[in-house]
Each structure stands twice: as structure tokens, then as C-alpha cells.
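*Asks:* Sharing a structure, written as C-alpha cells. Questions coming.
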Amino acid sequence: MRRLLALVIGMLAAVWLSGAPARASTLDDCLAQHHVCVTSDGRSLISQSQQAQLERQIGHDDIYLVVAASGSSGYDAAMRQVISVLSAQHKQFVVGFLDSRLKHFGAYNQGMLPPGGAASIATTVVQQHQADQDVFAALQDFVRDVQQQSGSAAGSASPGPGAAASPPSHTLRNVLILLGVVLLVVIGGFLIWRPRRMRRRQELNEAKAAAQDDLIALNARITDHQNDVSVQGNPEAAAEQAAALNAYERGTSALDAARRPGDMQAVSRAIAEGQYRLACAEALANGQPKPGRRPMCFFDPRHGMSVADVSWAPPDGGPSRTVPACVDCERKIDQGLQPDMRTVEDSSGSRVVYVNSGFAPAYWGGFGYGPGLFTGFLLGEALASPPIFVTNEYGYGEPGYSDGGGNFGGGDFSGNDGSGDFGGGDFGGSDGGADWGGGDFGGGDFGGGGDNFGGGDF
């Protein structure tokens with residue numbers, strides 16, 4: 001009877017032990033035989049049946065869970081020893097370490113997930129279960145999420161309700177970026193290009209109005225020469241007068257064809273050519289040689305070609321400069337008089353000196369004015385000084401702010417247990433040892449890549 005009773009008890013013990021994970025005396029032995037290692041200190045958080053469920057869920061995937069109390073060296077040193085043991089046994093793995101003393105859970109990845117992947121999952125599951133304090137459910141969710149994100153067979157076969165959502169598609173993001181770029185282009189066109197186009201159109205209209213006056217003046221002079229007997233009686237002078245008429249016609253055609261302010265220089269060059277031909281006709285009619293080419297009269301291009309360069313200062317002040325002048329304007333300068341400066345109507349309807357008109361660079365430059373005169377006066381009576389940007393010891397703009405050291409996108413999660421980068425926080429619990437030798441797991445630095453441990457306190 002006693003033998004039968006002993007046999008029954010032995011069989012029951014064998015059955016019970018077959019459903020429970022074998023105990024191991026060291027951390028190395030446990031991680032070599034099992035995927036889930038729970039010390040006696042961890043039994044208050046994970047029971048034997050729950051440990052067995054986690055083992056079945058993990059299957060043959062390189063996922064490991066350790067539930068144990070860290071020693072006096074803290075969470076960091078304990079996690080480093082776990083990683084050291086697994087690194088010696090496996091090329092790639094994901095490990096989650098639940099500190100039963102601190103109730104802190106973190107994770108480490110080596111080769112199975114993108115950098116930061118395991119830490120991110122650990123942080124997420126802790127946040128999801130901080131309210132219900134369901135540690136077992138959090139570990140189940142952690143395993144499922146790692147399986148899904150690593151693309152393991154177990155994860156794809158049974159994603160489970162706690163599995164993390166698949167990585168979001170970037171299609172929507174790319175579409176939004178494209179729409180944002182299109183919107184910026186449209187806004188830029190409305191705020192920048194449209195006003196610029198309108199300004200150029202206005203400049204073109206103003207230049208055309210001035211060119212029309214110049215063509216009328218040239219045509220009037222050509223008509224006068226046609227009625228001048230001395231010009232018509234001299235074949236060479238008459239030929240120059242005919243050339244002036246051709247230049248006038250080219251100028252008229254160029255005016256009709258102009259679509260941009262820059263096209264207007266073809267008009268002013270044709271007018272300047274016509275004025276030069278008329279000067280040649282007058283010289284030949286008077287028995288003189290043809291004059292050399294010179295720019296038009298600076299004070300008013302309608303006066304015709306200049307005959308000399310004179311020193312002139314603006315009446316409202318400013319340095320003297322040398323400008324080309326026709327006979328009449330030269331005479332006034334010699335007499336101490338101010339020649340009448342050509343004025344044109346600007347976009348506001350006011351009369352301004354023609355050299356300060358908005359279309360000056362596009363049109364008046366075709367009358368032969370030199371670069372020095374053009375940049376020194378035509379672009380403004382006094383070139384404005386560039387703005388001065390004041391700097392300080394911080395350089396341009398507002399001074400930056402120091403974060404007191406450390407990196408953004410990671411770092412301490414706070415806590416008073418000295419757990420450093422792995423976060424933590426002391427919720428009490430036993431400070432006892434473990435089945436693997438008690439006290440600290442060990443310490444020292446560990447090599448290899450992976451990610452930060454992340455996670456948080458339950």
C-alpha cells in the first residue's frame with residue numbers, strides 16, 4: 001500500500017514538474033535552457049503557470065524574459081549581465097528584464113529590430129498597463145509586439161489582441177508633404193511672382209509711354225530734315241536722313257513687339273541710331289565730316305546726340321559728375337544754369353526725373369550711357385547703404401538654450417534609485433537575492449550594439 005501510494009505521489013510530482021520550468025542555479029544555465037527565467041523574488045509578479053504560457057507564446061523565437069530582483073548595483077548592472085550572457089550564446093536576440101525589486105521593465109535588442117525598437121515596445125506596454133498594473137499582460141503584449149515587428153513566424157501566426165499595430169504606411173505622409181509643397185508654390189506664386197509680374201508689366205507700360213514720346217520727337221526731327229533744302233540737296237545727307245527714317249521704323253516695330261521691359265532697349269537703340277543719322281545729315285549738309293558716335297543728351301534724350309561731356313551737379317545736392325550734353329544744354333551749363341531734366345509719369349501718376357524711373361535700367365541704357373553714369377545715377381540719386389546687421393556674442397538671431405548636457409530623443413526617465421539611462425523608480429519590494437547566486441548579477445561594461453533599454457515603471 002505504501003509502495004502504491006509512493007508510486008502515485010511520484011507520478012503526480014512528475015506530471016506537475018513536467019508543466020513547470022526546470023530550475024537552474026545560475027543565470028547562464030537558465031537562459032541556455034529557457035526563454036523565460038523567473039527567480040523566487042519574481043514569483044510575486046509572474047507565477048509558474050504564467051511563465052509556462054510565456055514560454056509557449058515565444059516558441060522558438062529569439063526572445064527572452066528575465067524576472068528577478070536587481071542587487072545593490074541597481075538595474076543597469078543587472079541588465080548588463082543579462083545582455084552579456086545572451087550575447088555569448090546568441091548572435092541576435094531581444095531581451096526584456098523585469099526588476100521585481102524596482103518593478104521596472106526595460107528591453108534590449110541585438111539585431112532583430114531597428115535601433116530603439118525593443119526599448120520603444122517596452123515603453124509602450126508599460127504605459128498601456130500602468131493603470132491596471134497587469135504585469136503578465138504587459139509581458140504578453142511585449143512578446144507579441146516584438147514577434148510582429150521582427151516578422152517572426154510565431155508573431156505572424158498568432159498576432160493576438162495585444163500585438164502592436166504594423167508600422168504605419170508612409171503613403172499618407174508623402175501625399176501630405178507633396179500637397180504642402182504644391183501649396184507653398186501656389187502661395188509663393190500669389191505673394192511673390194504675381195506682384196513681380198504686375199510690377200514688370202507696369203514698368204513695360206511706362207517704358208512704352210516714354211518710348212512713344214521719343215519716337216514722336218525723332219519723327220518730328222526727320223520731318224524737319226525732309227523739309228530742309230540743304231539736306232535734300234546733298235545726296236549723302238539725304239542718305240543719312242533716309243537711314244534715320246529706317247531706324248525710326250525699326251524702333252516702331254520693336255515697340256510693338258516688346259513683351260518685357262528688357263525688350264525696350266531695342267527701341268532705345270533704334271532711336272539713338274536715328275538721332276545719330278540725323279546728326280550726320282546735318283554735318284554733311286553744312287560741309288562738315290560725320291561726327292563720331294556719342295550717347296544721347298543726358299538731360300533729355302529727345303534733344304538728340306550729345307556734343308560734349310560737361311561737369312554737372314544735381315540741383316538738390318550730391319557730388320558732381322560728368323554727363324553728355326547737347327549744344328543747348330552745354331551752353332546752359334557754361335552759363336551756370338540748370339538744364340531742364342526730362343520727367344516721366346510713374347505708376348502713381350506723379351512726374352519723376354526719368355533717370356529715377358522704375359524702368360530706367362530696361363530702357364534708357366540703350367541711349368549709350370556708360371556703366372559708370374548708369375549705376376551712379378540711374379539707379380538712384382544716392383545709392384542706399386546696405387542694412388547693417390548687429391550681432392552679439394550669440395551670433396545672429398536669438399541665443400540658444402542649453403539643455404544642461406545629454407541627448408535629445410532618449411536619456412533618463414528619472415527615478416531615485418540611480419538606474420541611469422534605463423529609467424526606473426523604487427516601488428518597494430524585497431532586496432533579497434536570486435536563485436542564481438543572490439545579490440547582484442554582476443556588473444561592468446558590456447560590448448555590442450543594440451538600443452537603449454527604455455521601458456518604465458509599473
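The values are calculated or read from the model by the stated rules, or taken from the named source; none is laboratory data. Note that this is a predicted model, so its numbers are computed, not measured. So basically every Cβ, Gly included, is an ideal-geometry build from the backbone, and we count neighbours across all protein chains shown. In case anyone asks, the SASA skips ligands and DNA or RNA and just uses the protein heavy atoms, side chains included. Shrake-Rupley method; radii C 1.70, N 1.55, O 1.52, S 1.80 Å.
*Asks:* Determine, for each peptide in 176-184, 327-335, 79-87, 287-295, the mean count of other beta carbons within 10 angstrom over its residues, then list the peptides with the highest first.
*Replies:* 79-87, 327-335, 287-295, 176-184
*Asks:* Could you tell me the calculated FRET efficiency between ARG196 and GLN48, based on Cβ-Cβ distance and R0 = 60 angstrom, to the nearest 0.05?
*Replies:* That pair, ARG196 with GLN48, gives E of 0.15.
*Asks:* Further question on the same structure: Which value, in Å², gives the accessible area per residue of the range 293-370 when a 1.4 Å probe is used on the protein heavy atoms?
*Replies:* 46
*Asks:* Leaving out ligands, DNA and RNA, and with a 1.4 Å probe, what % of the accessible surface on the range 182-284 is carbon or sulfur?
*Replies:* C and S fraction of accessible area: 55 percent.
*Asks:* Dipole size in debye (nearest 20) for the range 224-343 around its Cα centre, Lys and Arg Cβ +1, Asp and Glu Cβ -1?
*Replies:* 400
*Asks:* On to the next question. Expressed as a whole percentage, what fraction of the accessible surface of the range 61-122 belongs to carbon and sulfur atoms when a 1.4 Å probe is rolled over the protein heavy atoms?
*Replies:* Heavy-atom surface of the range 61-122 belonging to carbon and sulfur, 1.4 Å probe: 46 percent.
*Asks:* What is the local net charge at ARG342, summed over the other residues whose Cβ is closer than 12 Å to its Cβ (Lys, Arg +1; Asp, Glu -1)?
*Replies:* Around ARG342, the charge tally is -3.
*Asks:* Further question: Return one whole number: the accessible area per residue of the range 28-80 in Å², for a 1.4 Å probe.
*Replies:* 36
*Asks:* For the peptides 239-248, 135-144, 220-229, what is the packing order when you average, over each peptide's residues, the other Cβ atoms within 10 Å and list the highest mean first?
*Replies:* Put in order of decreasing packing, that is 135-144, 239-248, 220-229.
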